[in-house]
Amino acid sequence: MVKAMPTQHLTLRLRPVVSKIIFSLSSVALILSGSITAHAAMQAEPSGDWTSSIFSVYGITIMLVLLLVGLFVYKRISARKQAKAVPNLRGRTQSSEKKYLASARVQALEPSPLVERRQPPMEGVQVWEKPVEPETAIFGAYRIDQEVSKLIVGKPHRMDVMSSRAPDDRRAIEASLIKALESSDTSDEGRRRARQALEEYGFVARQSATMLLGRDAWERSSAARTLGQIKSQSSLTSLIEALHDVDSVVRNQAVTSLGSLKMPAAIGALLDIARRHSDIPATLLSESLSACSVESLSFLDAPASEAASLSHPSANEPDDLERFDSFEDLPAGADDTQLAQVLNQLQNADEQTRISLAQQLAVHPVQRSVFALTSIVLNDPEPAVRSAAVISLGMIDHETVFAPVLIGLADESRIVRAAAARTLSSLHLDRADAYVRVMETADADMLRRVASACVKTGIVAQAVDRLASEDRHQAYEAFSLFSLLARADETLPIIDAIEKHRDEEVRLCAVRVLSMSGQTSVTSKLRELASHEDIPENVRTAVLEALYKLDQDQSSSLDLPASDNEPVFLHNS
């Protein structure tokens, strides 16, 4: 763009200077011409008439001077008039320049119908550009199916096709990979590749985010169903969080998808959600618990006598809190002759006979039956017999069966784990009191087995956040479980909670568990924790106090007489 206005200003500034130069030159020329004329006249006139010659010369000179003065005065007056007229001219010039620039800006903002010309942005000026919208399709569904087929069989495939960001291509890639997962023609290795591709290209993360942050329940439940189809282990945490969704449809779909994952770590969360929400269908929860322990949902062929699956209490049945207070020690059963015969037949019976005898022991809810069934769960070599024993323990439904059922929950056989999961969800007992009873009555080996089972099945990981819960019952249950771990010397989860948990209150509660356990074997680990620089100061102080208490307990146990060296139980009101 060329601006002519500065040239006009320059012309206005130079005009007086040029006028003065012309005026000076003209004056000099007139004086010279007058002098030359006067000098010629003096030489031409005779000597007698010299006065008239002088008069004529001076007269001409005076006339020239007056003429020059008049011209000078005229120029001054003209210059003043021009000086007054210049501001008005400048104002008109600036207004016209502004109008010209405004019109130029309007033309620059309006897109040209012919050619779009982009000027480089000025420094210091933020230029907003219209975001580029992704194309609706780049490669197409047919091309994507070809590349997914190559990926499934392990052949080289186009990475740019699989990583396409076009919405239509993304939907086609996800649908094609899920179709390959559910196809019966896909091998196990192909399913692994498809599941890995769904994770690497962000489909699992996107569905997890949609399930947790979706605007409506249908969108969240659809994402939960898709995660169940993908069966990726990385979605376990998100599905467990979805169990606490405000909508029951989303919760039920999360239960089903957790069953599709078939991960034992989900058992603890499923058992907990069964206690929180009674609206979850019993059959749905039972199938998911079974699926977390078996390869398929076909393990439902147990006899009717094992029906210890989940069921809602009837209207005339007392609730769980009333059942907690009604538990008493089981009778010994020493005088039961029929029970004695069953126990004698267990010695040398075959597998089918032992299964039948284990089912018969459920009819005798006495201590001897519980001891025999516990021995079967711990020692019998056949998974079917151990499964039948776990089911019979659930039918007895007493606090004394809690420990062997927990051990069955971590059994190496999927059949036993499924039976234990369904049995544990049907027991009418307070788990906090049951953990305390196990600590008080179980021997060292049983205590170690129960603690290991709680860690392996994810019950401990599910309970660690409840150590500082505002719900006193949940906090007490978590505290009882961690106390059992400390008593069994299974202190690794407690140490991890003290060292790494995000909540400082949970850390302090974990330190208190170790302090009250009286286990001096953890002193070396506590000293190591106290030396860490990233431990909060409150936690460090609590660790040092726990170390001091454990040292005092150890010294007092060595100094006091045997009659005074008795455990003291502290109750937190």
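The values are calculated or read from the model by the stated rules, or taken from the named source; none is laboratory data. Because the structure is a prediction, the values reported are computed rather than measured. Note that each Cβ is placed from the backbone with ideal geometry, even for glycine, and that neighbours are counted across all protein chains shown. In case anyone asks, the SASA skips ligands and DNA or RNA and just uses the protein heavy atoms, side chains included. Shrake-Rupley method; radii C 1.70, N 1.55, O 1.52, S 1.80 Å.
Tabulated results
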read-out: Tensor-based shape of the stretch 384-453 (alpha-carbon gyration tensor, a/c under 1.5 rounded, otherwise prolate or oblate); value: oblate
read-out: Shape call, the stretch 336-406: gyration tensor on alpha carbons, a/c limit 1.5; value: oblate
read-out: Virtual spin-label span in nm between S278 and D350, 7 Å along Cα→Cβ; value: 4.7 nm
read-out: Exposure of K155 as accessible area (Å², to 10), given a probe of 1.4 Å and all protein chains; value: 130 Å²
read-out: Approximate spin-label separation T520-V153, in nm, with each point projected 7 Å along Cα-to-Cβ; value: 6.9 nm
read-out: Where labels lie 7 Å past Cα in the beta-carbon direction, separation of D445 and Q229 in nm; value: 5.0 nm
read-out: Overall form of the stretch 189-291 per C-alpha gyration tensor (a/c, 1.5; a/b vs b/c); value: oblate
read-out: Length-normalised contact order for the stretch 185-281 - Cα pairs under 8 Å, 6+ apart - percent; value: 23 percent
read-out: Förster radius 60 Å - calculated FRET efficiency between S531 and Q341 (Cβ-Cβ, nearest 0.05); value: 0.45
read-out: Full-stretch length increase - R502, W218 - with 0.36 nm per residue and alpha-carbon distance subtracted; value: 99.0 nm
read-out: Listed pairs K262/K500; K155/K262; K456/K500; K150/K262; K179/K262; K525/K549 exceeding 22 Å between Cα atoms; value: K262/K500; K155/K262; K150/K262
read-out: Using a Förster distance of 56 Å, the FRET efficiency for Q146-V246 (Cβ separation, nearest 0.05); value: 0.85
read-out: Per-residue SASA entry for F72, accessible area with 1.4 Å probe, Å² rounded to 10; value: 110 Å²
read-out: Low-density loop positions, trypsin sites (Lys or Arg not before Pro), the stretch 471-538 - DSSP coil, at most 11 other Cβ in 10 Å; value: R502
read-out: Counted charge near E533, where neighbours are those whose Cβ lies closer than 14 Å (Asp, Glu -1; Lys, Arg +1); value: -3
read-out: Where trypsin sites (Lys or Arg not before Pro) fall in DSSP loop in the stretch 151-208, at most 12 other Cβ within 10 Å; value: R165
